[in-house]
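The values are calculated or read from the model by the stated rules, or taken from the named source; none is laboratory data. Treat the numbers as computed from the prediction; the structure is a model and nothing was measured. When we count neighbours, we look across all protein chains shown, and the Cβ atoms used for this are built from the backbone with ideal geometry, even at glycine.
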Amino acid sequence: MSKPESRSELGEKPNSRPNRQPRRQPDGDRRGAIAGLIIAIMILGVGWWLARNLTAASKMQDCLMSGRSNCNVIQPAR
């Protein structure tokens, strides 16, 4: 059996860095997750605000459709 040829004999350039993994930025992977979390919180906030306003408008319409004239909400004095 013949002995295996080295890389230099095959004409390949020897690798100066043996199998190093490239460095990753520590916050590079988290930026997308944080941005998604902020967007999700904003969408939930807008949805909550919209639901409250639609519920209040629905209650006002129900009151007016029943023929009442005093449908305004009375705020307590502070």
Can you go through Leu54, Leu50, Leu37, Leu64 and tell me which one is outside any loop (DSSP other than H, G, I, E, B) and at pLDDT below 90? Leu64
Scanning for something part of a loop (DSSP other than H, G, I, E, B) and either surrounded by 10 or more Cβ atoms within 10 Å (Cβ to Cβ) or at pLDDT 70 or above (or both), does segment 8-19 turn up at least one residue? yes
